[in-house]
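Below: one structure, written as structure tokens.
Values quoted throughout were computed directly from the atomic coordinates according to the rules given, and no laboratory measurement underlies them. Since this is a predicted model, take the numbers as computed values, not measurements. Note: ideal-geometry Cβ built from the backbone for every residue, glycine included; neighbour counts use all protein chains shown.
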Amino acid sequence: MAKLIGMSGDFKAREFAIEQGEISIGRKVDNTIVLDHPTISSHHCRILHSGDTCVLQDLDSTNGTRVNSRDVKESALRHKDLIQLGTIEFLFDAPELATSGARYTDAGTASFASRRSNNRMFNRLTSRPTPSARFFRKTSSASRSRFIRTSWMPTCSR
């Protein structure tokens with residue numbers, strides 16, 4: 001049986017069962033799961049549980065809904081996903097869903113070549129820039145925008 005396990009705040013170690021059908025989560029008492037916390041919207045999100053799938057849908061909440069630290073409007077839930085509602089974190093525990101499908105929906109369809117090129121791009125984006133390049137950071141003031149040299153770059157005298 002699927003359930004949400006509280007990982008932070010006043011909800012730490014509390015468990016909420018996710019039964020078949022629609023489960024609404026929010027601050028108001030007409031929700032299936034009531035979370036009385038200031039960062040939770042009155043109708044924050046809902047979980048649709050049908051068969052062997054669970055889908056989380058954000059209901060235009062003020063502080064947002066995240067799955068594994070990514071902002072989402074709608075996301076299929078997998079076993080051991082970390083769900084953040086406002087500042088409250090929950091672990092989605094559904095061992096019966098662990099064997100159904102891949103971890104991410106596009107992981108099985110991506111070819112080896114595209115994964116390899118994505119990895120190269122990631123390495124290029126995360127590698128440290130060459131010291132010979134000049135880097136500037138934009139700062140803004142009330143009157144105008146200006147560019148200043150970042151503090152980590154060594155200064156060169158001319």
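Structure values in brief
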{"item": "Residue-span extension gain [Ala76 to Val55] - 0.36 nm each, minus C-alpha spacing", "result": "7.1 nm"}
{"item": "Amide proton proximity set for Ile18, modelled H, under 5 Å, gap of 5+", "result": "Ala2, Lys3, Leu4"}
{"item": "Overall dimensions of region 1-103 by Cα: Rg and Dmax, Å", "result": "12.4, 36"}
{"item": "Computed magnitude of the charge dipole of region 1-105 (debye, nearest 20; Cβ of K, R +1, Cβ of D, E -1)", "result": "240"}
{"item": "Interchain or long-range residues, amide H under 5 Å from Cys45's placed H", "result": "Ile25, Leu59"}
{"item": "Mean Cα-pair separation over length for region 1-89, i.e. relative contact order, pairs under 8 Å, 6 or more apart, %", "result": "22"}
